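The values are calculated or read from the model by the stated rules, or taken from the named source; none is laboratory data. Predicted, not measured: the structure shown is a model, and the values here were computed from it. All Cβ positions, even for glycine, are placed from backbone atoms using ideal geometry, and neighbour counts span all protein chains on display. SASA here: full protein model, heavy atoms, side chains in, ligands and nucleic acids out. Shrake-Rupley method; radii C 1.70, N 1.55, O 1.52, S 1.80 Å.
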Amino acid sequence: MRFIVLGAAAGGGLPQWNCGCGNCNSARSGTGGLLPQSQSSLAVSMDGRDWAILNASPDIRQQLIVCPPLHPRGLRNTPIKSVLITNGDIDHLAGLLTLREGQAFDLFVTGAVARVIDANPIFNALRPHVRRQTIASDAPFPLLPGLEARLFAVPGKVPLYMERAGADPATLDDHTVGIELTDAAGERAFYIPGCREWTPDLVARLTGARLLFLDGTVFEDDELSRIGVATKTGRRMGHVPISGEDGSLARLAALRPTRKIFVHINNTNPVWREGAERTEVVRHGFEVAFDGMEVESGTGA
Ligand code: MLT
Ligand code: MN
Ligand code: ZN
């Protein structure tokens, strides 16, 4: 499997339009070694010819422009055969509206995302050319020739725009799913850009995988309030922190031989820059994604 990180940042990107935090200011001014990073998406291919997009970010137009393997190879043509969406958050769904130009592709969604699409008539712009399929949890399906995918529920939450006062937004259903990819040789890779908790069941599932792209939204659970940009914790937003008891480093560092790469990184996260937090991540055997990062996994890697 060959992956390209189209967007390494969480919703809002780096810099976020209205944010004057240290990271965002550095990314804007080009100081401190921080480069701008776009919103959450991966591309995957088995052969370098046919590609699937995992999450359609609002930045997808620019992400495709700067990624030659995803350019058209003829008049009104695309190597993008399929698009798969892991939740209904705007950073993962709104990019579909950019892919509205009459080009056929397979769109794989959960029931929860299908309901969001059906409730928002703006997505009618994708009809009739986009072939939408609703995928049940744990049902294998061909994402690309030679690449099987499975969606599975992870602890998450409803999208922000569906939260209701007084109702717990937390979910453990198809509102937030991870993707398990299996190649013909049985090698597995995972993409879990949003997850509130690494449960024992989930850790067992990940065991033995070659590759894991995982939720790197916040380093500390209370990172947003510490910086002063918001009051919500990472977990309240549906994102397990990297650090701390039950954080990703503590729960997943023992996974072998898995290559572990943080994606969906919020602009506030200190791992964007050199420093103690990034050093801790690397010391635990994890990596920090960046736009354009290429990763090979499984057979032949
Ligand atoms: C998230 O991952 O928490 C969401 O993308 C937040 C948002 O919708 O902006
Ligand atoms: Mn997000
Ligand atoms: Zn910021």
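If all Cα-Cα distances of the chain are sorted into 10 Å bins from 0 onward, what percent lands in each bin, rounded to whole numbers?
All Cα pairs considered, the percentages come to 6, 29, 38, 22, 4, 0.
Report the accessible area of Val282, computed with a 1.4 Å probe over the heavy atoms of all protein chains in place, in Å² rounded to the nearest 10.
Estimated to the nearest 10 Å², Val282 gives 90 Å².
What order do Glu280, Glu197 take when sorted by accessible area (1.4 Å probe), most exposed first? The partial results should precede the final answer.
Numbers: Glu280 60, Glu197 85 Å².
Sorted descending by solvent-accessible area, the residues read Glu197, Glu280.
Hey, any idea what % of the range 203-301's accessible area is carbon plus sulfur with a 1.4 Å probe? Could you put the intermediate results ahead of the total?
Working: 2100 of 4280 Å².
Here it works out to 49 percent.
How much accessible surface does Asp106 have with a 1.4 Å probe, in Å² rounded to 10?
40
Express the relative contact order of the chain as a whole percentage, based on alpha carbon pairs under 8 Å and six or more residues apart in sequence.
Working: 710 pairs, mean separation 57.9, N = 301.
Averaging sequence separation for qualifying contacts and normalising by length gives 19 percent for the chain.
In Å², what does the accessible area per residue of the range 81-193 work out to with a 1.4 Å probe? Display every interim value, and only then the final one.
On the way: 4750 Å² over 113 residues.
Averaged over the residues of the range 81-193, the accessible area is 42 Å².
Tell me the net charge near Glu287. Cut-off is 9 Å between Cβ atoms, Glu287 excluded, with +1 for each Lys or Arg and -1 for each Asp or Glu.
Numbers: positive: Arg259, Lys260; negative: none.
In short, +2.
Compute a Gaussian network model of the chain, connecting alpha carbons closer than 10 Å, and tell me which residue from Trp17, Trp51, Trp272 fluctuates the most.
For the chain, modelled as a Gaussian network with Cα springs under 10 Å, the answer is Trp17.
Please list, in order along the range 47-57, the HN-Hα scalar couplings obtained from phi with the Karplus expression 6.51 cos²θ - 1.76 cosθ + 1.60 (θ = phi - 60°), rounded to whole Hz, x for Gly and Pro.
Per residue, the Karplus-derived 3J(HN,Hα) values read 10, x, 9, 9, 10, 10, 9, 9, 6, 9, 7 Hz.
Express the carbon and sulfur contribution to the solvent-accessible surface of the range 73-150 as a percent, rounded to the nearest whole number, probe 1.4 angstrom. Show your work: numbers first, answer last.
Details: 2010 of 3740 Å².
Carbon and sulfur: 54 percent of the exposed surface of the range 73-150.
Over the range 103-216, calculate the relative contact order: mean separation of alpha carbon pairs under 8 Å at least 6 apart, over the residue count, as a percent.
Details: 186 pairs, mean separation 22.6, N = 114.
Averaging sequence separation for qualifying contacts and normalising by length gives 20 percent for the range 103-216.
Of Ile80, Ile179, Ile65, which has the largest mean-square fluctuation in a 10 Å C-alpha GNM of the chain?
Highest fluctuation among the options: Ile65.
Grab the DSSP H runs of the chain that are 4 residues or longer, score each as -39,500 (n - 2.57), total them, divide by all residues and round the 222 nm result to the nearest 500 deg cm²/dmol. Present the calculation step by step, with values, prior to reporting the outcome.
Details: 8 runs with 52 residues, N = 301.
That comes out to -4000 deg cm²/dmol.
With r defined as the distance between the Cβ atoms of Asp222 and Asp201 and R0 fixed at 30 Å, what FRET efficiency is calculated, to the nearest 0.05?
0.65
Please list the non-local residues whose amide H lies under 5 Å from the amide H of Val288, H modeled 1.01 Å from N, same-chain partners needing a gap of 5 or more.
So Val288 has HN proximity to Phe262.
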